[in-house]
Each structure stands twice: as structure tokens, then as C-alpha cells.
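To start, the structure under review is shown below, and the notes come after it.
The values are calculated or read from the model by the stated rules, or taken from the named source; none is laboratory data. Since the model is a prediction, treat every value here as computed from it, not as a measurement. Because the Cβ atoms are built from the backbone with ideal geometry, glycine has one as well, and the counts that use them run over all protein chains shown.
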């Protein structure tokens with residue numbers, strides 16, 4: 001059993017809540033849930049049976065005979081973060097606001113368990129590829145550990161976690177098909193607004209995510225990384241249960257990259 005502390009920074013506002021949706025609240029289960037999601041996304045090489053078995057051993061879950069405990073625990077050391085009323089749809093310039101944590105705040109977590117080198121890598125990958133909370137697929141809730149992140153760095157990190165990783169698979173679950181890091185933006189607000197506008201302009205029929213007529217999660221994740229005071233989008237395309245028009249996908253991501 002080991003203990004490791006990890007220092008992070010909130011790069012963009014985080015819209016995350018508990019039972020009381022009017023109050024911002026970040027809890028360890030949200031972090032572990034994101035880690036579980038991205039661990040699955042880089043294991044398209046596994047069969048569904050293999051995926052469930054390995055996932056349970058690492059994150060906990062229901063086994064064939066009994067429940068399996070997670071191999072690690074997460075504790076939040078930083079429990080007091082500044083909050084504000086934040087606009088989740090900046091392209092509209094509306095008065096609608098959601099309570100959330102503001103950007104540029106330091107966050108420290110403790111990881112307790114086995115194989116912590118691997119767990120920390122999974123945690124770091126989850127912070128790079130996606131945020132936490134509402135609008136996390138559109139740049140909100142982005143967290144960062146490293147100061148400099150490249151596509152090569154991300155590919156190497158994935159390979160360290162899963163040496164058999166491949167961008168193609170016969171499985172139907174949402175594995176990673178593509179990763180791209182875009183151009184520099186001078187400030188975070190400009191990039192968030194660009195992502196919001198691109199979503200509005202290219203997703204009118206819900207191809208890239210919808211809550212209308214049955215919830216459909218977007219197969220396109222857009223996270224934000226910070227490098228030398230500049231901001232960059234990182235776009236991850238996942239395998240989708242719906243057919244995605246390639247030209248429309250290129251137009252959508254091209255408006256941001």
C-alpha cells in the first residue's frame with residue numbers, strides 16, 4: 001500500500017455539483033469516474049469480458065461471485081476552492097449562470113493504494129483528455145498536471161498504461177479513434193467561446209451530442225491544456241453508436257483546431 005500526493009491546477013471553470021445543484025461540489029467519486037471512463041477508452045483491444053474483468057480489478061465493481069474492491073482510494077486535500085456564477089454557454093451572452101469553481105486555482109489530491117505509478121498515469125491521462133462536471137466535453141472543468149503537453153506525450157502516456165493500445169477496434173463501446181491538439185489561443189475565454197460557438201453552429205441536429213429525444217453523449221471530447229500562458233484545445237474522437245458524417249466532423253473540429 002502506498003500514498004502519493006499530486007498537485008494540479010484548474011485550467012477552466014468547473015461546473016460540478018452534488019445533490020444540491022446550486023452549490024459547487026467536487027468529490028473523489030467524480031475523479032475516479034473520469035479515470036474509469038478514459039481507462040476504458042484506451043482499451044479497445046480488449047473483449048467486453050476482458051474489459052469488465054480488468055476494470056473491476058482496478059476500479060472495483062461487481063464480480064461473478066461477490067463485489068470487488070477498488071485497488072486505490074482518492075482523497076481531496078484541497079477542500080476550499082473559490083466559486084462564482086459561471087456562464088456555461090458563452091456564445092449566447094445570456095444571463096443564465098451556474099455555480100462552479102473558477103479557473104487558475106491549485107488543487108491537491110492524495111492517491112492511496114497499489115500500483116500507484118500506473119494509477120497516477122491514468123489520473124494524468126484523464127485530466128488531459130477530459131474535464132470534470134457539466135460541459136466537460138466542451139472545455140469546462142479542465143485540470144492540468146504537466147506544464148507542456150504534446151500529441152507525442154499523450155501517445156506515450158497511453159502506451160505506458162496499455163502497450164497494446166490501437167486506434168481501431170471491433171468493439172462497440174467508446175474507444176479512442178483520434179487525438180489532435182490545436183493551435184494556441186491567447187486566453188481561456190476566447191477558446192471556451194470558440195468551442196461553444198462551433199458546437200452551436202455544427203451540432204443543430206445532435207450528431208455531436210444531444211439531450212433531446214433521448215440522451216446521446218457526444219463522441220467528440222474537447223479539453224483544454226495550458227502551455228506557457230497560452231491555451232490549446234485537445235480534441236478526442238471516440239467510437240460512436242451513431243454514424244458520424246466525416247465532413248461535418250472535420251468542419252466542427254476544424255472550427256476549433
(message) Of everything in region 37-58, what is surrounded by fewer than 19 Cβ atoms within 10 Å (Cβ to Cβ) and out of contact with any strand residue (DSSP E or B) (no Cβ under 9 Å at 6 or more places or on another chain)? Give them in sequence order.
(response) 37, 45, 47, 48, 49, 50, 51, 53, 54
(message) Scan region 165-180 and tell me whether some residue there is over 16 Å from the mean Cα position of the chain (by Cα) and surrounded by 19 or more Cβ atoms within 10 Å (Cβ to Cβ).
(response) no
(request) Only one of these is assigned to a helix (DSSP H, G or I), touching a residue at least 60 places away in the same chain (Cβ under 8 Å) and over 30 Å from residue 194 (Cα atoms): 112, 120. Name it. (result) 120
(message) Need the failing condition index for residue 183 against (1) loosely packed, with under 15 Cβ neighbours inside 10 Å; (2) without any contact (Cβ under 8 Å) to a residue 60 or more places away in the chain; (3) not in a helix (DSSP H, G or I), just the number.
(response) (2)
(message) So for region 23-44 (the condition being in contact (Cβ under 8 Å) with a residue 60 or more places away in the chain, at negative phi and more than 20 Å from the chain's Cα centre (by Cα)), does at least one residue qualify?
(response) yes
(request) Hey, could you check region 59-72 for residues that are loosely packed, with under 14 Cβ neighbours inside 10 Å and touching a strand residue (DSSP E or B) at 6+ places or on another chain (Cβ under 8 Å) and say which is modelled with the lowest pLDDT? (result) 62
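Rundown of residues vs (1) part of a helix (DSSP H, G or I); (2) without any contact (Cβ under 8 Å) to a residue 12 or more places away in the chain; (3) more than 25 Å from residue 80 (Cα to Cα), yes/no style:
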| position | (1), (2), (3) |
| --- | --- |
| 100 | no, no, no |
| 132 | no, no, no |
| 140 | no, no, no |
| 146 | no, no, no |
| 156 | yes, yes, yes |
| 160 | yes, no, yes |
| 170 | no, yes, yes |
(message) Checking the structure you have, find out if any residue of region 14-33 is in a loop (DSSP other than H, G, I, E, B), closer than 19 Å to residue 101 by Cα and in contact with a helix residue (DSSP H, G or I) (Cβ under 8 Å, 6 or more places away or on another chain).
(response) yes
(request) Give 257, 249 a once-over and let me know the one that is in a loop (DSSP other than H, G, I, E, B) and touching a residue at least 24 places away in the same chain (Cβ under 8 Å). (result) 257
(request) Kindly indicate the residue of region 191-207 that is touching a residue at least 24 places away in the same chain (Cβ under 8 Å) and exposed (fewer than 15 other Cβ atoms within 10 Å of the Cβ) and also nearest to residue 134 (Cα to Cα) among those meeting that condition. (result) 200
(request) Could you pull out the residue among 133, 113 that is surrounded by fewer than 20 Cβ atoms within 10 Å (Cβ to Cβ) and at pLDDT below 95? (result) 113
